[in-house]
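Presented below is the structure to which this report refers.
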Amino acid sequence: MNNQNKDQNAEIISNNKSSDKKTSKNIVEIKNLKKSFDHGKITALNGLNLEIKEGEFVSIIGPSGSGKSTLLNMIGALDKADVGDITVSGIDLIRKKDLSDFRSQEIGFIFQLHNLIPNLSVLENVEVPMFESKISGKEMRKRALELLDYVELSDKIKRKPTELSGGERQRVAIARALANKPSIILADEPTGSLDSKTGQVILQRLKELHEKENVTLIMVTHDMNVASLADRTIEVLDGQVQN
Ligand SMILES: Nc1ncnc2c1ncn2[C@@H]1O[C@H](COP(=O)(O)OP(=O)(O)OP(=O)(O)O)[C@@H](O)[C@H]1O
Ligand SMILES: [Mg+2]
């Protein structure tokens, strides 16, 4: 892809027109967040504190079961905390009742296991998040096609997710996460199941978004080389951020 194309693509990706990097504004503020499962028997988050600045690229590392995915789910309002405070993009996620707009407009989620809808085509999977927005069906299709071109999958739009490789599925998941021009991308091990070359392509796309569009990128990874690409790496251990 040449540079001119890349710049055109950049415009379709995010609403963030400002090229100013890292303001001093926090986009994520978490205080003493606690979350348990199984009627309190399993503690996933144990008084976690975290601040992330707008436009920052943060990687999250930590052992299996330490609470990383639970933390991302809290930031993306996919689950509610038991105790504590969490504000994301100025929205109080504990007290605000209806978070569906927040979820669909502010957040792009790339899940650990892709979570593509198996009986829909690649193109339809990318369109799904736009159903909740106000754009027309025609615009929706145009945007989905542009995004699939951006992740270099234009030739596979009619396939079902089961007919794709792991790396291709992950690229569909990225296109889907970008559908509504989110200000924050939450990526849970986006390169976890991929060979290093495919992983590099995906990372390059994510880093590009962060650098050109000032999108805040919060990425869980087990790979220290991947983590080192971020502005900052935080470690989660037993449901807390290690200092
Ligand atoms: N829905 C759930 N029900 C019960 N326990 C859960 C649930 N989700 C997570 N847990 C538990 O909470 C703890 C934290 O899980 P979490 O998925 O956040 O870990 P993780 O750091 O993402 O691990 P991994 O690196 O393996 O993905 C674990 O002990 C896990 O078993
Ligand atoms: Mg996890």
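Overview of values
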{"item": "Prolate/oblate/rounded label for the stretch 90-231 (Cα gyration tensor, a/c 1.5)", "result": "oblate"}
{"item": "Net charge of neighbours whose Cβ lies under 13 Å from the Cβ of LEU99, counting Lys and Arg as +1 and Asp and Glu as -1", "result": "-1"}
{"item": "Efficiency of FRET between ASP101 and ILE42 - r from beta-carbon atoms, R0 35 angstrom, step 0.05", "result": "0.70"}
{"item": "Radius 12 Å from Cβ of LYS35, net charge of other residues (Lys, Arg +1; Asp, Glu -1)", "result": "-1"}
{"item": "Within the stretch 90-121, trypsin sites (Lys or Arg not before Pro) in DSSP loop having at most 10 other beta-carbon neighbours inside 10 Å", "result": "ARG95, LYS97"}
{"item": "Gain in span if fully extended, ASP85 to LYS34, counting 0.36 nm per residue against the direct Cα distance", "result": "17.4 nm"}
{"item": "Of LYS80/LYS181; LYS68/LYS138; LYS96/LYS138; LYS25/LYS156, pairs whose Cα-Cα distance is over 29 Å", "result": "LYS68/LYS138; LYS96/LYS138; LYS25/LYS156"}
{"item": "Separation between Cα centres of the stretch 199-243 and the stretch 72-98, rounded to whole Å", "result": "21 Å"}
{"item": "Charged-residue dipole, Cβ positions (Lys, Arg, Asp, Glu), the chain about Cα centre, Debye nearest 20", "result": "380 debye"}
{"item": "Three-way shape call for the stretch 179-243 based on the alpha-carbon gyration tensor, with the a/c threshold at 1.5", "result": "oblate"}
{"item": "Gyration tensor (alpha-carbon) shape descriptor, the stretch 141-202, a/c threshold 1.5", "result": "oblate"}
{"item": "Over the stretch 14-173: Kirkwood hydrodynamic radius from C-alpha pairwise inverse distances, Å", "result": "17.8 Å"}
{"item": "Inter-probe distance in nm under a simple model that places probes 7 Å from Cα toward Cβ, at LEU113 and ARG141", "result": "3.3 nm"}
{"item": "Rounded to 5, percent antiparallel among DSSP beta bridges of the stretch 139-243", "result": "40 percent"}
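Just so you know, all these numbers are worked out from the coordinates, no wet-lab data involved. All values derive from a computational prediction rather than experimental measurement. No Cβ is skipped: glycine too gets one built from the backbone with ideal geometry, and neighbour counts run over all protein chains shown.
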